[in-house]
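Before anything else, here's the structure in question.
Just so it is clear, none of the values below were taken in a lab; they were calculated from the coordinates. All of these numbers come straight from a predicted model, not from anything done at the bench. Reconstructed Cβ throughout: ideal geometry from the backbone, glycine too, with neighbour counts over all protein chains shown.
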Amino acid sequence: MPKVKGGKRPRQQLQEGRRELTARSGFAAGILFNTGAGQHILKNPLVVNSIIEKAALRRTDVVLEVGPGTGNLTVKMLEKVKKVIACEIDPRLVGELQKRVQGTCLANKLEIKVGDVLKTDLPTCRKDCFRKPNYLFSNNFSL
């Protein structure tokens, strides 16, 4: 059969293709990410493991994660630390994160704060609680 040149795929076919790709990559079907607002989902397990390794997390650590998204990094951190406080502004992604840990032993180690991290009441921290040189910052986060 000859290859058809040109022509655009109908919108329905594009949406079905997105849903199929989303289902294959392990994300919840129907979530479209707003990349213009900085939503980029970390899905490469090698990158996730590399970040976890380089962060040198300890069992006694409490981690603040800004923008956990669907929780790929969050779940790995929960396996290593005492607690993760995750701040997410998008309620759709909050639901996905909750579904991901619901019914697991990791659920009680996760605290989710919904809203803008700059407008959220966060727990106080001792001045010496920040370890160097392990810094992980979002590129859109400024004080």
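Within 12 Å, Cβ to Cβ, of Leu42, how many net charges do the neighbouring residues add up to if Lys/Arg are +1 and Asp/Glu are -1?
Details: positive: Lys43, Lys76; negative: Glu65.
Computed value for this residue: +1.
Past the 19 Å Cα-Cα mark, which pairs from Lys54/Lys113; Lys83/Lys113; Lys76/Lys99; Lys83/Lys119? Present the calculation step by step, with values, prior to reporting the outcome.
On the way: Lys54/Lys113 25 Å; Lys83/Lys113 13 Å; Lys76/Lys99 16 Å; Lys83/Lys119 21 Å.
Beyond 19 Å between Cα atoms: Lys54/Lys113; Lys83/Lys119.
Only four residue types carry charge here, +1 at the Cβ of Lys and Arg and -1 at the Cβ of Asp and Glu. Report the dipole size of the range 72-123 about the Cα centre in Debye, rounded to the nearest 20. All intermediate terms of the calculation are to be shown ahead of the outcome.
On the way: 10 positive and 7 negative charges, 49 e Å.
Dipole magnitude for the range 72-123 comes out near 240 debye.
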